[in-house]
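Novice: Below you will find the structure I want to go over with you.
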Amino acid sequence: MQTLTIQVKDDLVAEVMNALEKFKDNVKITKDKNLELDLYFYERQKKLQQIRDDIKSGKTEMLTQKQYDKEIEQFFEKLESKYAN
C-alpha cells in the first residue's frame with residue numbers, strides 16, 4: 001500500500017469522499033493530525049532539521065542565552081542611538 005496526500009477544496013470534500021467510497025476495502029482515509037494543527041508542519045520540520053544540521057556541521061553558530069542577550073542589548077542600543085536625534 002502507498003501513502004498519498006491530496007488537497008481538496010472544501011466544497012468538493014463530500015464529492016471526493018463519495019467517489020472513494022467504492023474503494024473502501026482498498027483505501028484507508030485518515031487525517032494528518034500534524035497538518036490539522038499547523039498547515040506548514042512539514043515545511044517547518046524540514047527547515048528546523050536544516051538548521052540543526054547547519055549547527056552540527058559548524059556552518060551556523062548557536063548562541064548561548066547569555067551571548068544572545070548581549071547581542072540583543074547591543075542591537076537595541078545601536079537603534080536607540082541612531083534614532084535618538
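The values are calculated or read from the model by the stated rules, or taken from the named source; none is laboratory data. Small disclaimer: the values here were computed from a predicted structure and weren't measured. Cβ coordinates were reconstructed from backbone atoms using ideal geometry, including for glycine residues, and neighbour counts include every protein chain displayed. Each accessible area value is taken on the protein alone, full model and side chains, heavy atoms only, with ligands, DNA and RNA left out. Shrake-Rupley method; radii C 1.70, N 1.55, O 1.52, S 1.80 Å.
Novice: What trypsin sites (Lys or Arg not before Pro) does region 1-36 have in DSSP loop regions with at most 14 other beta carbons within 10 Å?
Specialist: LYS9, LYS22, LYS24, LYS28, LYS31
Novice: Within the chain, what whole-number % of the accessible surface is contributed by carbon and sulfur, with the 1.4 Å probe and all protein chains included in the calculation?
Specialist: 53
Novice: Among all the aspartates and glutamates, which ones have a C-alpha under 19 Å from LYS24's C-alpha, if same-chain residues fewer than 8 places away are not counted?
Specialist: GLU15, ASP32
Novice: Right, something else. What percent of all Cα-Cα pairs in the chain falls in each 5 Å bin, counting up from 0?
Specialist: Result returned by the calculation: 3, 10, 10, 12, 11, 10, 9, 7, 7, 7, 6, 4, 2, 1, 0.
Novice: Also, I was wondering about something else. Could you report the chain's accessible area per residue, 1.4 Å probe, as an integer in Å²?
Specialist: I get 106 Å² per residue for this part.
Novice: Under 17 Å between alpha carbons, and skipping anything fewer than 8 positions from LYS47 in its own chain: which lysines qualify?
Specialist: Hits, sequence-local ones excluded: LYS56, LYS59.
Novice: Let me ask something else. May I ask you to list the chymotrypsin sites (Phe, Trp or Tyr not before Pro) in region 9-49 that are in a DSSP loop and have at most 11 other Cβ atoms within 10 Å of their Cβ?
Specialist: Listed in order of number, the matching sites are PHE23, TYR40.
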